[in-house]
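**Q** Before I ask anything, here is the structure I am working with.
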Amino acid sequence: MGRARKGTSYASPANAPGEALGQSEPFLQFQEQLSRVARVDRPVLLIGERGTGKELAARRLHFLSQRWSGPCVTLNCAALSPNLIESELFGYEKGAFTGAEVRRSGRFEAASGGTLFLDEIGNIPMEAQEKILRVVEYNSFERVGSTTSVEVDVRIVGATNADLPALAQKGEFKRDLLDRLSFEVLFLPPLRAREEDIMLLARHFAGRMAYELGLEKIPEFSGRAIAALQEYGWPGNIRELKNVVERAVYSADDDVIDQIVFDPFISPYGTTFHEGVKKSGSAPAEAQTTLFDTFGVLPLKEAVKELERGMLLKALVESRYNQRKAAKMLGLSYDQLRGMIRKYDDVLKKED
């Protein structure tokens, strides 16, 4: 497949759910990489923040591969307890454990001839990793409670936001398995790196929400709303953008969207859940600390770095990730703030 021209918008294959829309250079580069590796029948790892569309990318990879007519089976490894993942992946024999009243096939058998997408692959326990490695190497495994090999033909696509090499270094992820799964590693671009796509996606989600609400006309975004959407940091990426836009369409009083609410937990009474406890009076003497108490034990350069990072995060949170407001709060120019965000890009990443 040749390089997509600038301005091209991709959509998902006809049978794949969801949207893969964009025209920015990072998006087009990722789609080109995805299309190229889809034709090679090898494992792929998708690395990306929450809300960047890892499952959608995995399904697109499947439908662009030679396995497109086979099953595409998904397992969210973070949604199961460690002792259930092995039986879910490989199935079990009758009587293998209490409650196993009949034989059950696992996800590997269900995905034979197609693709198995393992989301949050870093959560798989070591015992199950050993069996997955055997499947990758020999295309066979045994169900829980059985000694009979089951032959399968499965392409594995894994996804995570975890640092798998670091987990392997600590002995929490098998190095051999990581080597086998990382034939190609693709990094999904976060929405903040896809500035050209923000309004494209926003208008798409607005149109869908308007249709769902039965509106005769799709509300348009005011200049103020567009500026707010484009300046926000989008720590929740596309999933967060979809929620914000749908809420704006639902709340709009007329055909123009002017107000954008990024944090629905901001209380109209002046308090928020983010504050944790109500501020009343001063802290007890034993709880009061100084900057020197906090940073004085660190080397000077490291203390300055931690202070900058903390102040940047505080300003972004208090400004609801409006970068121009955050820059004003910190006494910086917009370009200086953008430079700090690039320097401390981890402050825009929240826990999954």
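Quick note: the coordinates plus some simple rules give every number you see, no bench work behind them. No experiment lies behind these values; they were computed from the predicted model shown. Note that each Cβ is placed from the backbone with ideal geometry, even for glycine, and that neighbours are counted across all protein chains shown.
**Q** Most exposed first by the Cβ proxy, i.e. fewest other Cβ within 10 Å, how do Y138, Y344 rank?
**A** By the 10 Å Cβ count, ascending: Y138, Y344.
**Q** May I ask you to list the trypsin sites (Lys or Arg not before Pro) in the stretch 204-244 that are in a DSSP loop and have at most 11 other Cβ atoms within 10 Å of their Cβ?
**A** When the trypsin sites (Lys or Arg not before Pro) of the stretch 204-244 are filtered for loop state and at most 11 Cβ neighbours within 10 Å, K217 remain.
**Q** DSSP loop (so not H, G, I, E, B), at most 14 other Cβ within 10 Å: list which GluC sites (Glu not before Pro) in the stretch 167-239 pass both filters. Can you show the working numbers first?
**A** On the way: sites: E172, E184, E195, E196, E212, E216, E220, E231; in loops: E172, E216.
Passing sites in the stretch 167-239 are E172, E216.
**Q** So, one more: Among the trypsin sites (Lys or Arg not before Pro) in the stretch 122-201, which ones are in a DSSP loop with at most 12 other Cβ atoms within 10 Å of the Cβ? Mind listing them?
**A** K170
**Q** For D176 and E216 in the same chain, what is the full-extension length gain: residue separation times 0.36 nm, less their Cα-Cα distance, in nm?
**A** That pair, D176 and E216, stretches by 8.7 nm at full extension.
**Q** Report, ordered by chain and residue number, the aspartates and glutamates lying within cross-link reach of K305, taken as a straight Cα distance under 15 Å and ignoring same-chain residues fewer than 8 apart.
**A** Result set, ordered by chain and number: D345, D346.
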